[in-house]
Amino acid sequence: GAGVSQSPSNKVTEKGKDVELRCDPISGHTALYWYRQRLGQGLEFLIYFQGNSAPDKSGLPSDRFSAERTGESVSTLTIQRTQQEDSAVYLCASSSRQGDTGELFFGEGSRLTVL
Amino acid sequence: GESVGLHLPTLSVQEGDNSIINCAYSNSASDYFIWYKQESGKGPQFIIDIRSNMDKRQGQRVTVLLNKTVKHLSLQIAATQPGDSAVYFCAANSIYDPGYALNFGKGTSLLVTP
């Protein structure tokens, strides 16, 4: 597609349930990032994928969070045993840059509400 | 990690006036800086970027100024329009950030009044 696509756009779940959030990056973008944005806050880096390299998971807040990426395409962010503090907008971004700084292109996010 | 913050959480300007949004960063290794605009319910959208070898860059109605000496960044919007109302984030990164992941501040909410 023309831009980064995320689904679902909204997800309401009960505490303790697992959720999966999906990201389709811009075609040809090798770099993919997940960020979390709590209400009224900035974006927190979670995880980074580059091509077929091992992901950098240094931003994941706990072992309940995990993410996968198939080659240079779709990525899923999984949150196990969700807690109310996980409520946030989860943003995915992709970039065509390799080993250089540059613009990240963001999707519109998946808003997660944990009751 | 980077600490990137905005000086003011909210800014209200009248339509037609110029807006200035300020940002400070803490990591002297930061070498790339970018401003994003985020409208309600949407993802951040690129406005303008600047590399550390520059101190000024101009776009359409926007100018970014970088002062590396005091680790300060500003975004100037000329002739502010109602459509400029949004939250503005500055972000920075360096070669030390995973994949050059951007470090974001909390944002400044810009409200343009008619």
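Summary table
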quantity	calculated
Extreme residue, nearest to B:Trp35 (Cα to Cα), among residues of the stretch B:78-90 that are buried (at least 23 other Cβ atoms within 10 Å of the Cβ) and more than 8 Å from every other protein chain (Cβ to nearest Cβ)	B:Cys90
Long-range neighbours under 8 Å by Cβ, at least six apart or interchain, first residue over 13 Å from A:Phe106 (Cα atoms) and more than 7 Å from chain A (Cβ to nearest Cβ) within the stretch B:28-44, second open to solvent by less than 10 Å² (accessible area, probe 1.4 Å) and part of a loop (DSSP other than H, G, I, E, B)	B:Ala29/B:Ser94; B:Ser30/B:Ser94
The stretch A:47-79 - residue that is among the β-branched types (Val, Ile, Thr) and within 18 Å of A:His29 (Cα to Cα) and, of those, most open to solvent (accessible area, probe 1.4 Å)	A:Thr70
Extreme residue, farthest from the chain's Cα centre (by Cα), among residues of the stretch A:13-64 that are assigned to a loop (DSSP other than H, G, I, E, B) and of a type in the set (Lys, Arg)	A:Lys15
Qualifying residue in the stretch A:65-74 (condition: of a type in the set (Lys, Arg) and either in a loop (DSSP other than H, G, I, E, B) or modelled with pLDDT under 90 (or both))	no
Strands (runs of 3 or more DSSP E) wholly inside the stretch B:11-107 containing at least 2 residues that are small (Gly, Ala, Ser)	B:19-25, B:86-93
Given (1) away from chain A (no Cβ under 14 Å); (2) open to solvent by 40 Å² or more (accessible area, probe 1.4 Å), index of the condition B:Thr10 fails	(1)
Pick from the stretch B:95-111, criterion open to solvent by less than 10 Å² (accessible area, probe 1.4 Å) and more than 8 Å from chain A (Cβ to nearest Cβ), ranking: farthest from B:Tyr36 (Cα to Cα)	B:Leu110
Options A:Ser95, A:Ser73, A:Ser87: the member that is away from chain B (no Cβ under 14 Å), small (Gly, Ala, Ser) and closer than 22 Å to B:Glu39 by Cα	A:Ser87
Meets criteria (within 13 Å of another protein chain (Cβ to nearest Cβ), of a type in the set (Lys, Arg) and more than 27 Å from B:Ser109 (Cα to Cα)) for A:Arg38	no
Residues satisfying the stated conditions in the stretch A:80-100, i.e. open to solvent by 40 Å² or more (accessible area, probe 1.4 Å) and not in a loop (DSSP other than H, G, I, E, B)	A:Gln84, A:Glu85
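The values are calculated or read from the model by the stated rules, or taken from the named source; none is laboratory data. Since the structure is predicted, the reported quantities are computational estimates derived from the model, not experimental observations. Here Cβ is always computed from backbone atoms with ideal geometry, including for glycine, and neighbour counts include all displayed protein chains. Areas reflect the complete protein model, heavy atoms only, side chains present, ligands, DNA and RNA absent. Shrake-Rupley method; radii C 1.70, N 1.55, O 1.52, S 1.80 Å.
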